[in-house]
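The values are calculated or read from the model by the stated rules, or taken from the named source; none is laboratory data. Model, not experiment: these values are computed from the prediction. As a convention, Cβ positions derive from the backbone with ideal geometry for all residues, glycine included, and neighbour counts pool all protein chains shown. Surface accessibility is based on the protein's heavy atoms, side chains included, excluding ligands, DNA and RNA. Shrake-Rupley method; radii C 1.70, N 1.55, O 1.52, S 1.80 Å.
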Amino acid sequence: MISGVSISRVWAIAVKEVRHLRRDRLTGGMIAGIPVVMTILFGYAINNDVRGLSAGVVDEANTSASRQLIAATRASQVVDRLSAADSPWELEQLLANNEISIGIHIPADFERRLALGQRPLAQLLVDDSDPIILGAARGLVNLSVAGFQPTESLTTFELLPMFNPERRSAVFIVPGLCGVILTLTMVLFTSIAIVKERERGNLELLITTPVTSLELMVGKIAPYIVIGYIQVTLILLLGVWLFDLPLRGSMVELYLAVGFFVPSVLTLGLIISTIATTQFQAFQLTFVTFLPQLLLSGFMFPFEGMPKAVQYFAEIFPLTHFLRIVRGIVIRDAHLAALTDELWPLLLFFVTGMIFATLRFSKRLD
Amino acid sequence: MTGNLAISATNLTRKFGNILAVDHLNLEIPEACIFGFLGPNGCGKSTTIRMLCGLLTATEGEATVLGIDVARHPEVLKRRIGYMTQRFSLYDDLTALENLRFMGDIYRLDRQTRDDRIALLLERFELEALSNQLAGTMSGGQRQRLALMAVTLHEPDLLFLDEPTSAVDPESRRQFWEFLFDMVDTGTTILVTTHFMDEAERCHGLAILDKGALAASGSPRQMKESLPITVIEIESGHSRAVRDLLLLNSKVVDVAQIGTLLHALVDPGEAEPIRHLQRLLRQSGIKTEMKVVVPNLEDVFVMATHGLMPA
Ligand SMILES: Nc1ncnc2c1ncn2[C@@H]1O[C@H](COP(=O)(O)OP(=O)(O)O)[C@@H](O)[C@H]1O
Ligand SMILES: [Mg+2]
């Protein structure tokens with residue numbers, strides 16, 4: 001027997017709970033907002049069918065048949081921006097610097113290969129630091145050309161994964177994970193930073209002192225920059241020890257990039273902290289900002305597969321840019337100098353966020 | 001007391017939606033004194049202090065604190081004041097010493113000055129033994145002393161103390177007030193809120209607030225002496241019944257229970273107040289002892305909250 005369960009008491013608690021929700025406008029809004037926004041956003045945005053990759057082409061044969069092959073590749077819509085390169089070596093450079101995702105190399109003996117039909121006609125150099133791109137490239141290998149019938153064992157293109165030929169998933173995942181984990185923990189730490197002081201009553205004392213808003217903001221995030229570095233180091237060490245993660249690029253450059261990334265995610269937390277009024281709201285906002293970053297940054301789903309509008313939107317996220325940097329440096333041995341396009345958005349995010357949070361934070365109670 | 005004003009406010013008003021928390025308050029508080037705000041909970045004491053510190057914007061009216069226009073230069077003011085909030089606002093998860101050092105650094109004391117002052121205050125407040133204890137695990141009285149230390153480290157010219165002694169035993173309260181008087185001797189002005197009469201009695205100046213408005217002000221003595229009422233102290237075994245009977249009469253303004261005694265506030269126009277009261281009780285047959293007494297602050301408070309104090 002369930003002794004002492006009073007329906008009226010259960011009812012009283014349930015009614016009280018609903019009242020809490022109604023008073024908390026932010027939470028109330030999220031009840032409808034989260035499912036609607038997330039469903040629409042992710043339903044439209046997430047698409048494993050990648051199109052429109054950029055490619056570099058080296059056509060050493062330069063015959064009508066080779067040009068046909070290139071046209072057929074483009075017709076597949078997997079690649080749409082084609083740029084000419086001079087040598088396979090240049091293709092590798094372009095791949096490393098993330099300027100192209102796929103390199104098409106048509107060798108000088110293309111016509112002979114076509115006539116003999118014993119070897120693949122050409123090569124696809126693929127940036128496999130993103131497994132989705134590898135998957136998309138695989139869709140191209142059996143492209144049919146006039147006079148050549150690709151089979152299971154003899155494909156049109158020979159697939160050359162450039163960076164992770166053994167296709168170990170840790171190599172793909174771990175560098176990106178750095179960014180994802182940092183995005184979660186850094187925002188979580190700082191989003192409650194000011195809210196907590198407000199909830200506990202510390203803030204009333206603090207704002208009566210001559211401390212300035214900017215001093216408070218910078219002081220709040222400073223320790224977490226160090227913590228961010230500790231976390232990155234831990235993740236990379238685990239990656240190397242447990243998963244044989246190859247650290248190809250310069251660690252100095254990676255750590256420099258972390259110095260751009262961590263402050264930018266920390267300011268996201270600060271912004272949340274000046275918006276939320278309770279720690280619970282801060283957690284919710286952290287979650288609401290984390291999920292789109294996780295799904296739209298290119299970590300879980302292909303960036304190139306998303307509609308253009310969503311891609312532009314996702315460019316706002318620090319994680320989007322850091323993923324490109326960390327994958328570039330760790331997997332493709334890219335140089336930070338070639339990745340400056342990913343650095344300034346982080347800086348911009350940090351500065352804008354800092355200004356916003358500082359202006360939003362008022363040393364008043366009204 | 002010098003002629004300078006530490007605080008002057010005219011028509012200071014604050015609304016929260018429809019609630020009129022502070023209602024056209026006029027204040028003139030001289031330097032180097034202890035000034036008390038006396039009033040029941042919700043009468044607007046904290047709200048007034050917050051406006052005077054520049055934490056809340058006044059809906060109407062203005063305030064000059066230490067010669068600084070609060071609305072215009074709150075940050076200049078903040079360097080020169082200390083505010084001990086009603087709720088403990090230091091960090092529970094820091095030790096006493098860590099809290100104090102933090103506050104010292106926020107006010108940019110150099111390390112030597114900071115540590116010297118902390119050592120001095122810890123000794124004065126008898127908290128040396130607890131300097132490494134977490135603030136959250138301290139008793140009410142210990143926290144209160146710690147909080148006061150924290151807001152006096154930078155030697156403010158003006159100190160706001162919002163119900164500093166509400167969670168404190170009588171002995172600690174006495175000690176606390178002694179320290180306040182020491183500070184006033186060095187020229188500090190102190191504005192303290194309270195609902196304890198004995199504390200209000202110690203203030204140099206007093207403002208009684210009622211529903212956000214100033215109900216009376218002056219020195220405690222002044223207010224007691226100028227009270228336009230006759231106070232009769234009544235001793236009786238049936239306080240409740242006596243009170244009910246007396247309150248029926250229009251010449252009796254109020255009857256307040258003070259300990260086992262009753263204080264009847266009688267219209268000063270009544271020439272023979274004791275005889276008048278006894279006449280009222282004659283029928284009931286209740287035996288009472290009555291005498292005219294000098295009004296105390298409680299009587300002042302009752303009068304003020306009835307709106308019966310001369311402006
Ligand atoms: N932030 C606020 N929002 C709405 N009402 C408030 C707020 N702060 C105070 N009040 C109201 O203003 C009145 C005065 O409050 P307060 O100044 O805290 O009184 P006291 O300190 O004398 O107890 C009360 O009625 C209180 O409910
Ligand atoms: Mg109060």
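Numbers below:
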{"quantity": "Index of the failed condition, B:ARG143 passing every other in (1) open to solvent by 20 Å² or more (accessible area, probe 1.4 Å); (2) closer than 17 Å to B:LYS45 by Cβ", "calculated": "(2)"}
{"quantity": "Search result, residues across segment B:118-140 that are surrounded by 19 or more Cβ atoms within 10 Å (Cβ to Cβ) and outside any helix (DSSP H, G or I)", "calculated": "B:PHE125, B:LEU127, B:MET138"}
{"quantity": "Residue in segment A:338-352 that is surrounded by fewer than 20 Cβ atoms within 10 Å (Cβ to Cβ) and either under 13 Å from the mean Cα position of the chain (by Cα) or part of a loop (DSSP other than H, G, I, E, B) (or both) present", "calculated": "no"}
{"quantity": "Candidate set from segment B:88-117 (those that are hydroxyl-bearing (Ser, Thr, Tyr) and either in contact with a Cys (Cβ under 6 Å, 6 or more places away or on another chain) or within 7 Å of chain A (Cβ to nearest Cβ) (or both)); member that is least open to solvent (accessible area, probe 1.4 Å)", "calculated": "B:SER89"}
{"quantity": "Residue list for segment B:161-180, restricted to those being touching a residue at least 60 places away in the same chain (Cβ under 8 Å) and either within 16 Å of ligand 1 (Cβ to nearest atom) or outside the structural domain of B:MET149 (by TED's automatic domain parsing) (or both)", "calculated": "B:LEU161, B:ASP162, B:GLU163, B:PRO164, B:SER166"}
{"quantity": "The one condition in (1) open to solvent by 40 Å² or more (accessible area, probe 1.4 Å); (2) closer than 24 Å to A:LEU339 by Cα that A:ILE275 fails to fulfil", "calculated": "(2)"}
{"quantity": "Search result, residues across segment B:27-44 that are open to solvent by 70 Å² or more (accessible area, probe 1.4 Å) and either within 12 Å of ligand 1 (Cβ to nearest atom) or farther than 26 Å from B:ASP182 by Cα (or both)", "calculated": "B:ASN41, B:GLY42"}
{"quantity": "Checklist (1) surrounded by fewer than 16 Cβ atoms within 10 Å (Cβ to Cβ); (2) more than 23 Å from A:SER297 (Cβ to Cβ) applied to A:ARG167, failing item", "calculated": "(2)"}
{"quantity": "Segment B:61-87 - residue that is part of a loop (DSSP other than H, G, I, E, B) and facing chain A (nearest Cβ under 7 Å) and, of those, surrounded by the fewest Cβ atoms within 10 Å (Cβ to Cβ)", "calculated": "B:ARG87"}
{"quantity": "Checking B:ILE68 against (1) without any contact (Cβ under 8 Å) to a residue 40 or more places away in the chain; (2) within 14 Å of ligand 1 (Cβ to nearest atom), the condition it does not meet", "calculated": "(2)"}
{"quantity": "Residue in segment B:27-46 that is within 23 Å of B:HIS306 (Cβ to Cβ), in contact with a helix residue (DSSP H, G or I) (Cβ under 9 Å, 6 or more places away or on another chain), in contact (Cβ under 8 Å) with a residue 40 or more places away in the chain and within 14 Å of another protein chain (Cβ to nearest Cβ) present", "calculated": "no"}
{"quantity": "Qualifying residue in segment A:173-194 (condition: farther than 26 Å from A:LEU319 by Cα, without any contact (Cβ under 8 Å) to a residue 60 or more places away in the chain and assigned by TED's automatic domain parsing to the domain that holds A:VAL240)", "calculated": "no"}
{"quantity": "Selection count, segment B:5-26, where residues are over 13 Å from B:THR64 (Cβ atoms), open to solvent by less than 10 Å² (accessible area, probe 1.4 Å) and either more than 16 Å from ligand 2 (Cβ to nearest atom) or within 14 Å of chain A (Cβ to nearest Cβ) (or both)", "calculated": "2"}
{"quantity": "Residue within segment B:29-49 that is among the aliphatic types (A, V, I, L, M), in contact with a strand residue (DSSP E or B) (Cβ under 9 Å, 6 or more places away or on another chain) and closer than 20 Å to A:GLU204 by Cβ present", "calculated": "yes"}
{"quantity": "Residues located in segment A:215-262, provided they are surrounded by 14 or more Cβ atoms within 10 Å (Cβ to Cβ), more than 19 Å from the chain's Cα centre (by Cα) and closer than 27 Å to B:PHE102 by Cβ", "calculated": "A:LEU216, A:MET217, A:VAL218, A:LYS220, A:ILE221, A:TYR224, A:ILE225, A:ILE227"}
{"quantity": "Subset of segment B:203-214 [among the hydrophobic types (A, V, I, L, M, F, W, C) and within 15 Å of B:LEU12 (Cβ to Cβ)]", "calculated": "B:ALA207, B:LEU209, B:ALA213, B:LEU214"}
